[in-house]
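Colleague: One structure, pasted below without further comment.
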Ligand SMILES: [Zn+2]
């Protein structure tokens, strides 16, 4: 099966700008997978068992569901844009990009189910078409199914507007057909994230015109960089403590992310963090602006300036 792993060109640019530890990565990753999974009684051999179990009484859960309407356009996430959701202190939105993909996505879903946590999955259309069962499972388990293009091009800036639009529309259709068995003129869930955050003014304007919101993020796990689950856990906990709230980006196609997720969700619970579940509908979201010294971090990375 052709997957995005090993060929995601956007990762290349981000990898160049990250400072993650890679020491002893293969052995540690294997050990970390087992350690991380063991934290909630899961293993790679039998993660599905968690599905039949009820949530633990001390499960992390979801503190609130935030329904938001992006009609007329919305661009949020401080890594890329100067506004983001007005969340409370220690509130996180969990988002996962690039799935669905076999074992790692299945394990992510198992772990989320065990903790009664709902997330938003920004799916690649061709991955959804190849794995419709996983997409249906996401829907059945209450997660939000959002969009991340059909073919994950790096980047849309190197494509014509028409080619970019066609790729995004094909992604909308593929995800909706996998999730709901049919696709309408527009996406069922009007949430979109650009691969590598590489937007264009023309595509932004078109998406606003069809009432699709554009999601960046406020904090990311850098899980495009290979590292052990322990290193991944430490990195992401440190970063969320720094930002204090926001939209967090992970990749459910990454085994290291799936492996560290049990420990991460336990860590959130232990430190008093709350998970907010995004769904379409409702009013325009309340936003907060960045400070006066804000600059787009992703724009510098895309431009190769770090
Ligand atoms: Zn992506």
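Colleague: Let me confirm something: among 161, 215, 180, which residue is surrounded by fewer than 16 Cβ atoms within 10 Å (Cβ to Cβ) and closer than 19 Å to residue 302 by Cα?
Modeller: 161
Colleague: When you go through (1) more than 18 Å from residue 79 (Cα to Cα); (2) crowded, with 24+ Cβ neighbours inside 10 Å; (3) touching a residue at least 60 places away in the same chain (Cβ under 8 Å) one by one for residue 264, which number turns out not to apply?
Modeller: For residue 264, the failing item is (3).
Colleague: Among the listed residues 270, 221, 248, identify the single one that is free of Cβ contacts under 8 Å to residues at least 12 places away in the same chain and within 18 Å of residue 91 (Cβ to Cβ). Step through it out loud before you land on a result.
Modeller: On the way: 221 fails: free of Cβ contacts under 8 Å to residues at least 12 places away in the same chain; 248 fails: free of Cβ contacts under 8 Å to residues at least 12 places away in the same chain.
Residue meeting the stated conditions: 270.
Colleague: Is it true that some residue in region 230-237 is without any contact (Cβ under 8 Å) to a residue 24 or more places away in the chain and either under 26 Å from residue 149 (Cα atoms) or within 16 Å of the ligand (Cβ to nearest atom) (or both)?
Modeller: Within region 230-237, none of the residues are without any contact (Cβ under 8 Å) to a residue 24 or more places away in the chain and either under 26 Å from residue 149 (Cα atoms) or within 16 Å of the ligand (Cβ to nearest atom) (or both).
Colleague: Quick check on my filter: what residues within region 136-150 are within 16 Å of the ligand (Cβ to nearest atom) and either free of Cβ contacts under 8 Å to residues at least 40 places away in the same chain or closer than 15 Å to residue 95 by Cα (or both)? Explain how you work it out, then say what you get.
Modeller: So in region 136-150, the residues within 16 Å of the ligand (Cβ to nearest atom) come out as 145-150.
Result: 145, 146, 147, 148, 150.
Colleague: Which residue pairs have Cβ atoms under 7 Å apart, sit 6 or more places apart or on different chains, and have a first residue in region 193-204 that is without any contact (Cβ under 8 Å) to a residue 40 or more places away in the chain and a second that is more than 10 Å from the ligand (Cβ to nearest atom)?
Modeller: No pair meets every condition.
Colleague: Follow-up. Within region 274-292, can you find the residues that are assigned to a loop (DSSP other than H, G, I, E, B) and in contact with a strand residue (DSSP E or B) (Cβ under 6 Å, 6 or more places away or on another chain)?
Modeller: Step one: filter region 274-292 for residues assigned to a loop (DSSP other than H, G, I, E, B), giving 281-286, 290-292.
Answer for region 274-292, where residues must be assigned to a loop (DSSP other than H, G, I, E, B) and in contact with a strand residue (DSSP E or B) (Cβ under 6 Å, 6 or more places away or on another chain): 281, 282, 285.
Colleague: Step by step: first the residues of region 166-177, then only those that are within 20 Å of residue 72 (Cα to Cα) and without any contact (Cβ under 8 Å) to a residue 40 or more places away in the chain, then the one that is surrounded by the most Cβ atoms within 10 Å (Cβ to Cβ). Which residue is that?
Modeller: 168
Colleague: Here's another thing I want to ask about it. When the residues of region 63-87 are filtered to those that are farther than 15 Å from residue 191 by Cα and touching a helix residue (DSSP H, G or I) at 6+ places or on another chain (Cβ under 6 Å), which remaining residue is surrounded by the most Cβ atoms within 10 Å (Cβ to Cβ)?
Modeller: Restricting to residues being farther than 15 Å from residue 191 by Cα and touching a helix residue (DSSP H, G or I) at 6+ places or on another chain (Cβ under 6 Å), the top hit is 80.
Colleague: Could you check residue 183 against (1) away from the ligand (no atom under 16 Å from the Cβ); (2) touching a residue at least 24 places away in the same chain (Cβ under 8 Å); (3) touching a helix residue (DSSP H, G or I) at 6+ places or on another chain (Cβ under 8 Å) and say which number it fails?
Modeller: Single failed check for residue 183: (2).
Values quoted throughout were computed directly from the atomic coordinates according to the rules given, and no laboratory measurement underlies them. A quick note: this is a predicted structure, and the numbers were derived from the prediction, not measured. Glycine gets a Cβ as well: all are built from the backbone with ideal geometry, and neighbour counts include every protein chain shown.
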